[in-house]
Amino acid sequence: MVAELLRQNPTLDDLRQVAAHCKACDLWKTGTQTVFGEGVATAKVMFVGEQPGDREDLAGRPFVGPAGLLLDRALAQAGIERSEVYVTNVVKHFKWVRDERGKRRIHKKPRASEINACRPWLDAEIALVKPEVLVCLGATAAQSLLGRDFSVSRQRGELAQSELAPHVIATVHPSSLLRMPDEKNRHAEMERFIEDLKKVGRLLKRSARTQDARTDIQKLAS
Ligand code: URA
C-alpha cells in the first residue's frame, strides 16, 4: 500500500489520509485513530517516539500529552523551535490495557510485529521530510531504527551509524523523566535531556552552514 503510494509522489497529507485507514496490524481495532506524524515537510529535524499515548490517541496528534509538553519545554530550553521539527512515532496506534480498576488505559509496549507492520509509514515520512537530524526518543525507537543491540543508556547523545539521515542520534524518552519519583534525579535527568537536545541544535547549525557554503559555491560556479 505505501510502496504504491510513494510512486505517486505523495505529500505528507496524502500519506496521513491513507494511513488513517491502515489495518496492517490489529492495533487499529483498539486505538481510537491513527496518529500520524506532525510538522512541516521542510523540517530539518525529526523526533521519533514509540507510539501515541492516551491523550494523543484521543486528539489524533503526536506528543500533545504530558510527554509532549515536557519535550516542548526541553526544546525551548535547547533553543529549538517546535515549529522547526517533525514529530512522529514508530507505531501509529495507541496500544493499551485497562488498569485493575477498569478506569484508566495503560500504555502497553508494542510487539516487534506491530513495529514492523507500521515501519513503511515511518520510512515514507523520512523519505518525504528528509531530515538533517533524526532523533530517536527512547529504546523502542532507537532499537527499531538502529538495531536491537543499541543501548540508549550507554549510547545516548552519540552520533549513530545510520543511513536514515545525515545525523542520527538517540536520547531518552521524555515519559521516562515523568516517571522518575525523585525530584532531584528528575531535575538532573531533565538537564541531561536538554544537553542532548542542545547537541541536536548544534548539528542543525552545522548543517545549515554546510548548506550555505554549497549555495555560495553553486553561485560562484554559475
Ligand atoms: N509518547 C510517544 O512515544 N509518542 C507520543 O506521541 C506520545 C507519547
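Of note:
- Contour minus Cα-Cα distance for residue 17 and residue 180 (0.36 nm per residue): 55.0 nm
- Screening the chain for whole DSSP H helices with an alpha carbon extent of at least 24 angstrom along the helix axis and a mean Kyte-Doolittle hydropathy of at least 0.0 yields 112-129.
- Sites residue 98 and residue 187 - FRET efficiency at Förster radius 35 Å, r taken between beta-carbons, to 0.05: 0.60
- The stretch 3-71-the stretch 123-197 distance, computed between alpha-carbon centres (Å): 18 Å
- Two-decimal Rg/Rh across the stretch 2-221, once Rg and the Kirkwood Rh are taken from alpha-carbon atoms: 0.98
- Here the stretch 108-131 is scanned for amide nitrogen atoms under 17 Å from the site 7 Å beyond the Cα of residue 42 along Cα-to-Cβ, giving 128-131.
- Between the residues 121, 93, 46, the greatest Cα displacement towards the positive end of the dipole of the stretch 2-221, with unit charges on the Cβ of Lys, Arg, Asp and Glu, is found for 93.
- Dipole of the stretch 2-221, positive direction: furthest Cα of 160, 176, 210, with charges on the beta-carbon: 176
- Around residue 130: net Lys/Arg minus Asp/Glu count, Cβ-Cβ under 13 Å: -3
- Ranking by accessible area, most exposed first, for 109, 199 with a 1.4 Å probe: 109, 199
- For the stretch 79-185, the Stokes-Einstein estimate of translational diffusion at 4 °C and a viscosity of 1.567 mPa s comes to 84 µm²/s, using the Kirkwood hydrodynamic radius over alpha-carbon pairs.
- Probing with 1.4 Å while keeping every protein chain in the model, the per residue accessible area of the stretch 2-221 equals 55 Å².
- Taking amide hydrogens as placed 1.01 Å from N in the peptide plane, the amide H of residue 65 sits under 5 Å from those of 56, each at least 5 positions away in sequence or on another chain.
- 18 Å Cα-Cα reach of residue 103 towards aspartates and glutamates, excluding residues that sit fewer than 8 places from it in its own chain: 54, 56, 57
- Within the chain, antiparallel bridges make up roughly 25 percent of the DSSP beta bridges whose residues both belong there.
- Among the GluC sites (Glu not before Pro) within the stretch 108-164, those in coil by DSSP and having at most 14 neighbouring Cβ atoms inside 10 Å are 158, 163.
- Result for the chain in a Gaussian network model with C-alpha springs under 10 Å: among 45, 18, 87, the largest mean-square fluctuation is at 18.
- Accessible surface, 1.4 Å probe, highest first, among residues 121, 96, 28: 28, 96, 121
- Cross-link partners of residue 109 among lysines (Cα-Cα below 22 Å; sequence separation of 8 or more within a chain): 23, 29, 92, 95
- The candidates 1, 180, arranged from most to least accessible area with a 1.4 Å probe in the full protein assembly, appear as 1, 180.
- At most 16 other Cβ within 10 Å, DSSP loop - trypsin sites (Lys or Arg not before Pro), the stretch 75-152: 101, 103, 104, 108, 111, 148
- Computed about its Cα centre, the charge dipole of the stretch 107-218 is approximately 160 debye, with only Lys, Arg, Asp and Glu carrying charge at their Cβ.
- Computed magnitude of the charge dipole of the chain (debye, nearest 20; Cβ of K, R +1, Cβ of D, E -1): 360 debye
The values are calculated or read from the model by the stated rules, or taken from the named source; none is laboratory data. In this text, all values refer to a predicted model and were calculated from it rather than measured experimentally. Because the Cβ atoms are built from the backbone with ideal geometry, glycine has one as well, and the counts that use them run over all protein chains shown. Heavy atoms of the whole protein, side chains included, go into the accessibility calculation; ligands, DNA and RNA do not. Shrake-Rupley method; radii C 1.70, N 1.55, O 1.52, S 1.80 Å.
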